[in-house]
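Following: one structure in structure tokens, then a few remarks.
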Amino acid sequence: CNGKNELCYGRGPGYPDEFESTRVIGNRQFLKARDLFDSASEEIQGKIDYRHTYLDFSKLEVKVSTSAGGQQTVKTCPAAMGFAFAAGTTDGPGAFDFRQGDVKGNPFWKLVRNLLKTPGKDQVECHSPKPILLDTGEMKEPYDWAPAILPVQMIRIGQLVILCVPGEFTTMAGRRLRDAVKTVLTSGNSEFDKNIHVVLAGLTNSYSQYITTFEEYQIQRYEGASTLYGPHTLSAYIQEFQKLAMAMIANKEVPTNFQPPDMLDKQIGLLPGVVFDSTPLGVKFGDVNSDVPGNSTFNKGSTVNATFYSACPRNDLLTDGTFALVEKLDGNNNWVPVYDDDDWSLRFKWSRPARLSSRSFATLEWTVPEDAAAGVYRLRHFGASKPMFGSVRHFTGTSRAFAVR
């Protein structure tokens with residue numbers, strides 16, 4: 001990458017078409033999931049059970065093993081992000097040439113950091129060797145920049161045990177957590193036998209960045225710099241999930257001494273609202289700007305498109321509807337929906353002619369699938385416009401009919 005972190009971009013299997021990369025990756029996951037489902041041979045049997053609690057990860061006391069074979073008590077830390085966090089990864093590199101593996105930091109960016117919040121001596125030592133870029137756990141305005149109180153949950157469905165974690169575990173961190181819980185569940189007189197399947201469900205119920213092993217944390221690549229609560233974060237998770245496992249074996253409840261703060265009435269939106277939408281004189285929302293050619297016929301695999309005078313999609317996300325439809329004429333002269341914007345073959349593209357323009361366009365592109373039935377079709381666009389005064393108004397637009405053979 002010529003020594004520049006910003007130039008190191010990962011490429012998907014459909015590069016440079018990210019739509020195609022998404023389709024290929026999703027299809028591969030589906031095919032593997034179906035293969036696993038079809039080849040499954042073990043039936044789940046037994047109890048359904050769960051344990052759930054909230055914990056303050058900013059100050060958990062954790063017992064860890066020492067090199068001499070004994071134990072010592074350590075603590076997790078208030079949340080903080082390291083310099084390597086700003087470097088990003090090849091999924092999305094950061095700017096300003098921050099680098100992964102940085103355990104020292106940069107004097108200029110430390111000065112910028114101190115304008116927001118200067119971490120204290122205890123916080124710096126707690127997170128060592130992570131150089132703190134953002135002391136998020138101690139930044140409280142306009143509200144907490146990072147969570148402290150997190151949910152942990154363990155679900156049992158027969159011999160399947162799901163560990164619900166509010167973050168992204170590295171592969172080795174996940175293995176250590178899984179093995180520690182399995183050891184507890186299969187020890188002593190537990191009703192669990194060796195045929196137990198322990199899996200992690202990440203990003204569950206909340207989100208708290210990454211969780212690395214202690215060794216990975218020392219290296220301070222992106223994931224280690226994004227491990228919020230210090231080098232003993234994984235040990236804290238292992239300790240607390242072992243407690244959930246022991247409670248499940250003993251059929252005991254787990255106390256909940258914390259509750260996460262309710263922030264619903266304090267949310268700040270930095271994206272400005274839609275001011276208003278407009279069209280040229282004599283043009284209505286939903287009118288066609290560029291239509292399908294008249295009396296046209298398309299073959300399988302070819303692309304049909306039409307562009308409509310439209311409005312900002314944020315006026316109504318149409319979560320119970322669709323921005324785009326392909327309709328087919330049936331034998332009773334009725335237009336029947338056959339594809340919508342859930343389908344890979346149909347794309348909805350929204351744009352403005354200029355950045356601050358109140359006008360906008362919606363282009364519908366349909367690549368005729370190989371299994372599409374021959375017949376007469378049309379494209380249809382749905383949207384909602386916001387006038388300068390008054391409430392949002394819904395509209396629709398329709399292209400010319402065309403044939404598919």
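The values are calculated or read from the model by the stated rules, or taken from the named source; none is laboratory data. These numbers were taken from a predicted model, which means no experiment stands behind them. Positions of Cβ are generated from backbone atoms using ideal geometry, with glycine treated the same way; all protein chains shown enter the neighbour counts. Heavy atoms of the whole protein, side chains included, go into the accessibility calculation; ligands, DNA and RNA do not. Shrake-Rupley method; radii C 1.70, N 1.55, O 1.52, S 1.80 Å.
Checked against the criterion of being small (Gly, Ala, Ser) and within 25 Å of Gly269 (Cα to Cα), the candidates Ala401, Ala311 yield just one match: Ala311.
For the stretch 380-405, a residue qualifies if it is assigned to a loop (DSSP other than H, G, I, E, B), open to solvent by 60 Å² or more (accessible area, probe 1.4 Å) and closer than 21 Å to Asp341 by Cα, and exactly one does: Arg400.
Among the residues of the stretch 299-320, what is the count of those that are assigned to a strand (DSSP E or B) and surrounded by fewer than 19 Cβ atoms within 10 Å (Cβ to Cβ)? The total comes to 2. Note on the stretch 135-188: among residues that are under 26 Å from Ile48 (Cβ atoms) and polar (S, T, N, Q), the one that is modelled with the highest pLDDT is Gln153. Looking at the stretch 11-38, which of the residues that are charged (D, E, K, R) and open to solvent by less than 100 Å² (accessible area, probe 1.4 Å) is farthest from Leu346 (Cα to Cα)? Within the stretch 11-38, the match that is farthest from Leu346 (Cα to Cα) is Asp35. Inspection of the stretch 122-138 identifies no residue that is basic (Lys, Arg), out of contact with any Pro (no Cβ under 6 Å at 6 or more places or on another chain) and open to solvent by 30 Å² or more (accessible area, probe 1.4 Å).
The set of residues from the stretch 321-338 being under 22 Å from Val292 (Cα atoms), open to solvent by 40 Å² or more (accessible area, probe 1.4 Å), in contact (Cβ under 8 Å) with a residue 12 or more places away in the chain and not charged (D, E, K, R) comprises Leu329, Trp335, Pro337, Val338.
Applying the set (1) at positive phi; (2) assigned by the TED database to the domain that holds Trp366 to Ser310 leaves exactly one unmet item: (1). Take the conditions (1) more than 27 Å from the chain's Cα centre (by Cα); (2) at pLDDT 95 or above; Phe348 misses just one of them, which is (1). Within the stretch 162-191, residues that are closer than 26 Å to Gly224 by Cβ and among the hydrophobic types (A, V, I, L, M, F, W, C) sit with their Cβ atoms under 7 Å from residues that are part of a loop (DSSP other than H, G, I, E, B) and open to solvent by 60 Å² or more (accessible area, probe 1.4 Å), at 6+ positions apart or across chains, in these pairs: Cys164/Asn205.
Of everything in the stretch 162-193 that is in contact with a helix residue (DSSP H, G or I) (Cβ under 6 Å, 6 or more places away or on another chain) and of a type in the set (Val, Ile, Thr), the residue that is farthest from Ala245 (Cα to Cα) is Thr170.
Among the residues of the stretch 50-73, the one identified as touching a Lys or Arg at 6+ places or on another chain (Cβ under 7 Å), assigned to a loop (DSSP other than H, G, I, E, B) and open to solvent by less than 100 Å² (accessible area, probe 1.4 Å) is Leu60. Scanning the stretch 167-178 turns up at least one residue that is in a strand (DSSP E or B), touching a strand residue (DSSP E or B) at 6+ places or on another chain (Cβ under 8 Å) and open to solvent by less than 60 Å² (accessible area, probe 1.4 Å).
Number of residues in the stretch 364-379 that are open to solvent by 30 Å² or more (accessible area, probe 1.4 Å) and part of a strand (DSSP E or B): the value is 4. Taking the listed residues Asn315, Asn333, the one that is on the phi > 0 side of the Ramachandran plot, polar (S, T, N, Q) and out of contact with any helix residue (DSSP H, G or I) (no Cβ under 8 Å at 6 or more places or on another chain) is Asn333, with no other qualifying. Highlighted here are the helices (runs of 4 or more DSSP H) found entirely within the stretch 195-274 that include at least 3 residues which are closer than 22 Å to Thr53 by Cα: 233-249.
Contact map, the stretch 53-74: residues that are in contact (Cβ under 8 Å) with a residue 40 or more places away in the chain paired with residues that are aromatic (Phe, Trp, Tyr), Cβ distance under 8 Å, separation 6+ or inter-chain. Pairs shown: Tyr54/Phe258; Leu55/Phe258; Asp56/Phe258; Phe57/Tyr229; Ser58/Tyr229; Leu60/Tyr229.
Would you check which residues across the stretch 241-275 are modelled with pLDDT of 95 or more, of a type in the set (Gly, Ala, Ser) and either open to solvent by 90 Å² or more (accessible area, probe 1.4 Å) or under 30 Å from the mean Cα position of the chain (by Cα) (or both) and list them? Ala245, the sole residue that qualifies.
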